Structure formats: structure tokens, C-alpha cells
Number of protein chains: 2
Amino acid sequence: MTEPAKRRRGPGRPRQDEAEEGPGTQELIRLAARSEFAARGYDKTSVRGVAKAAGVDPALVHHYFGSKDDLFAAAVEASLEPALVIPDLLGADPDGIGERLARYFLGVWEDPLTRTPLLAVLRSALTHEAAAAVLRRLVLRRLLERVAADLDVPDPTFRAELAASHMVGIAVLRYVVQVEPLASADPEAIIRLVAPTLQRYLTEE
Amino acid sequence: MTEPAKRRRGPGRPRQDEAEEGPGTQELIRLAARSEFAARGYDKTSVRGVAKAAGVDPALVHHYFGSKDDLFAAAVEASLEPALVIPDLLGADPDGIGERLARYFLGVWEDPLTRTPLLAVLRSALTHEAAAAVLRRLVLRRLLERVAADLDVPDPTFRAELAASHMVGIAVLRYVVQVEPLASADPEAIIRLVAPTLQRYLTEE
């Protein structure tokens, strides 16, 4: 990542006008956090490194995001942004929920631009309890509760989690372990078999 | 792990009679490899460390298992041993395949003794390409092909992988990320919903 040097300031607290640069700077830090965690993993990413990548003073990162774990939560949120449209996907025609969800999920994972940060989140959560806690408490809960609110089944959050588990497992075997023939399978072949499963979990008693 | 000191020898090549101790020593090294990789992860485990844990000379480990990756493959095989009965599970009454598989899988993951090494394999595969390659080439392929050979569906290996993906995803969300309510759900509630999915993948066109 190249460093936009002209944005850098000297050490110390951010100047008042800098802290008031508003959502532009905050967004810049958030995207830098996503890139840094994706490229280096949870262990090797630091507040200082993210500040450097964003071209801002570390104090400004602390000001907006607090600790490293808060910064990781922001990075996870940025990485899961594609998932935020899922509640809208579910809201429409109930008969097609399973297929829309399967198609959308595979689309997000097929695109390296969205896949890379998601993979980083998955890796971090599997290897660091702090990262797993962030995923569990902040992001997944919020997303799953929004999805569950729209479902008309018993135990909707549990159902949403079972659907999510299938998609997470497909991501692990297809994109990480890359076991054949799943790794090279036509996305449509996966959608055809998985859509009825998701449909059943999300709509049938 | 305590070290059975009386088994230790000085450095150098194993004595002939030692190399001929046979399956007992080999099994000891394999179990030590499983424990070491489970406790330390792929990165921090060494041939020397496994030798020490097994109370044998490193040369003996090289003699039986070759490189670190070969040793990892042996550890993965030892960790996946519970999975080797799966083909037998599938062979019996076809109507109950989904339920038997879901129940068996959850049983293996509910038991910390079998869960810990499986978690280590999952973590290693997600963070080290060499570990993923071992899982992909040696173990998963062999297991999946045995399962697929017994299935009477189109693309049986693909079907077996979809079933496996669902179970891997449940393991990730229930035992690693520990997202609620899935993490605390009664295994029977999971089996009730997941069994028909596995049944469909493994037996229906």
C-alpha cells in the first residue's frame, strides 16, 4: 500500500481541525484497517501500522477507534459490508430466498476484492479468541438478528446461523482448502443444490 | 506433555534394534505429532519437538516420517481417525444416512478429546498453505473418495463435499466462533434440521 505522505502529521494529539475532518478521515482509517488486517493478519497488525497506511497520526486512530480490538471490529464491519444487504435480499419474494442468498454469497466470495478481507476475518477468528469475540459479539450478532427479524420460522436466529454455517463451510472447503471438485465447480451447480437447503432453514417449520 | 525419559537416546542415527521397535514406536511418534501440532499449531511444531515429546531421537522421526509436512500428514490422519468409520456409517440402511452422519459428527466434536486435534487441523489448514495442501491431497481426498464410492447419486464426490462443508461450517460457528444460540443448542435440535440436508445431498438426485 502506498502512503499518502502529505496527510501525515507530526507525533502527538491530533489538531482540532484534523479531528473534525469528519467521515472522510474516519472512512480512510477504516479502509486502511481492513487492508492491514487482511494483508498481515490479526497478530501483526498494529494501531501504528494502520495509522501509517492511512497516512494519519496514530493518536487520530485512537481518537476515532480506541483499542486494536475496536479497530479490528471496524475492519470486520468493513469486510462484512457486502453482508449488510442480505436482510434486503430476504425481504422480497419469500419463495426465492434460498436461491438469492446462495447466489449472492457465492458472488461475494468469487470476487477476489471482497473475498480477501472475508478470508482474513475467517482466519483471524479461527486463530485468535479476541478476534472471534469481536465477530461473535459485534458483527455476526447484529447481522444475524436483522436477518432473523424478517424470518417467519421457530428459532429464527438459530435457523439463520445454520444457513450461515453452510455458507461458511463452503467458503472453507472451496476457497481455503480448495478441495476438488468443489473448488472448480460451476457456481450454478452449487447454487442448485444449496438453495433448497437455505430455503428450508429460513422458511419452513 | 511429560517426557518418558528412559526412552531417550543420545544424538545420531537410531540404533538398528530401535528402528526395528516396529509399530509401537511409530504409533508413539504419530500420537506425539498429533498432540504437538494440536497444542502448538503448524508453525511452532518441529520434528525435533515431536521427537522430544515421543521420547525418541529426531533421526528416528525422520526415518519413519520424513519431512515436517509428512509428519503433519500423519498427525492429520491420526486426528481424522474418527472420520474413518464414516464409510461404514453410510453403508448401512440408506434412509438413515443423514441422521447417522449428523449424530456421529456432532458426537466427535462434542468430545474435547477428539475436538482438540480436529480444531488444530482446521486452524492449520486455514493459516498455512502447506497444511491445506496436506489436508486436500492426502486425507480429505482419500476419505471423500471412500464415501463417494458408496453413494448412488450424480457427482458423488461433489455431494460428499457439500455435506462435509455444512458440517465444517457448523464446527466453525459452534465450537470456534461460538455464536449463540448455535453454540449452546441441544445437539438433537441441530441433528433434526441438518439430517434431512445431508440425506438429500447423499441420496437424492
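Could you say whether any residue in region A:110-117 is at pLDDT 90 or above and either within 30 Å of B:GLU205 (Cβ to Cβ) or more than 7 Å from chain B (Cβ to nearest Cβ) (or both)? Reasoning before the result, please.
Of region A:110-117, the ones at pLDDT 90 or above are A:110.
Checking the rest, the ones that are also either within 30 Å of B:GLU205 (Cβ to Cβ) or more than 7 Å from chain B (Cβ to nearest Cβ) (or both) come to A:110.
There is at least one residue in region A:110-117 that is at pLDDT 90 or above and either within 30 Å of B:GLU205 (Cβ to Cβ) or more than 7 Å from chain B (Cβ to nearest Cβ) (or both).
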Complete set of residues in region A:92-107 that are open to solvent by 20 Å² or more (accessible area, probe 1.4 Å) and closer than 19 Å to A:GLN178 by Cβ
A:PHE105, A:GLY107
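Being β-branched (Val, Ile, Thr), buried (at least 22 other Cβ atoms within 10 Å of the Cβ) and under 30 Å from A:PRO196 (Cα atoms) narrows it down to one residue among A:VAL50, A:VAL56, A:VAL76; which is it? Working first, answer last.
On the way: A:VAL50 fails: under 30 Å from A:PRO196 (Cα atoms); A:VAL56 fails: under 30 Å from A:PRO196 (Cα atoms).
When all the criteria are applied, what remains is A:VAL76.
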I'd like to verify a number: residues in region A:152-174 that are out of contact with any helix residue (DSSP H, G or I) (no Cβ under 6 Å at 6 or more places or on another chain) and in contact (Cβ under 8 Å) with a residue 40 or more places away in the chain, how many?
2
Residue list for region A:160-190, filter: surrounded by 19 or more Cβ atoms within 10 Å (Cβ to Cβ), over 20 Å from the mean Cα position of the chain (by Cα) and under 23 Å from A:LEU84 (Cα atoms)
A:ILE190
Filtering region B:191-205 down to residues that are in contact with a Phe, Trp or Tyr (Cβ under 9 Å, 6 or more places away or on another chain) and either of a type in the set (S, T, N, Q) or surrounded by fewer than 16 Cβ atoms within 10 Å (Cβ to Cβ) (or both) yields B:THR197
Across region A:26-47, which residue is surrounded by the fewest Cβ atoms within 10 Å (Cβ to Cβ) among those that are closer than 12 Å to A:LEU71 by Cα and of a type in the set (A, V, I, L, M)?
A:LEU31
Only residues that are in contact (Cβ under 8 Å) with a residue 24 or more places away in the chain, assigned to a helix (DSSP H, G or I) and farther than 13 Å from A:SER79 by Cβ: list them for region A:42-57, please.
A:ASP43, A:VAL47, A:LYS52, A:ALA53, A:ALA54
Against the condition more than 14 Å from every other protein chain (Cβ to nearest Cβ), within 21 Å of A:GLY169 (Cα to Cα), at pLDDT 90 or above and not in a loop (DSSP other than H, G, I, E, B), how does B:ARG103 come out, does it pass?
yes
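Suppose the filter is open to solvent by less than 10 Å² (accessible area, probe 1.4 Å), closer than 21 Å to A:SER79 by Cβ, of a type in the set (S, T, N, Q) and at the interface with another protein chain (Cβ under 7 Å from one of its Cβ atoms); does A:SER124 pass it? Full working, then the answer.
Working: open to solvent by less than 10 Å² (accessible area, probe 1.4 Å): yes; closer than 21 Å to A:SER79 by Cβ: yes; of a type in the set (S, T, N, Q): yes; at the interface with another protein chain (Cβ under 7 Å from one of its Cβ atoms): no.
In short, no.
The values are calculated or read from the model by the stated rules, or taken from the named source; none is laboratory data. Since the model is a prediction, treat every value here as computed from it, not as a measurement. Cβ sites come from the backbone with ideal geometry, for glycine too, and all protein chains shown count toward neighbours. Remember, those area values only see protein heavy atoms, side chains included, never the ligands or the DNA or RNA. Shrake-Rupley method; radii C 1.70, N 1.55, O 1.52, S 1.80 Å.
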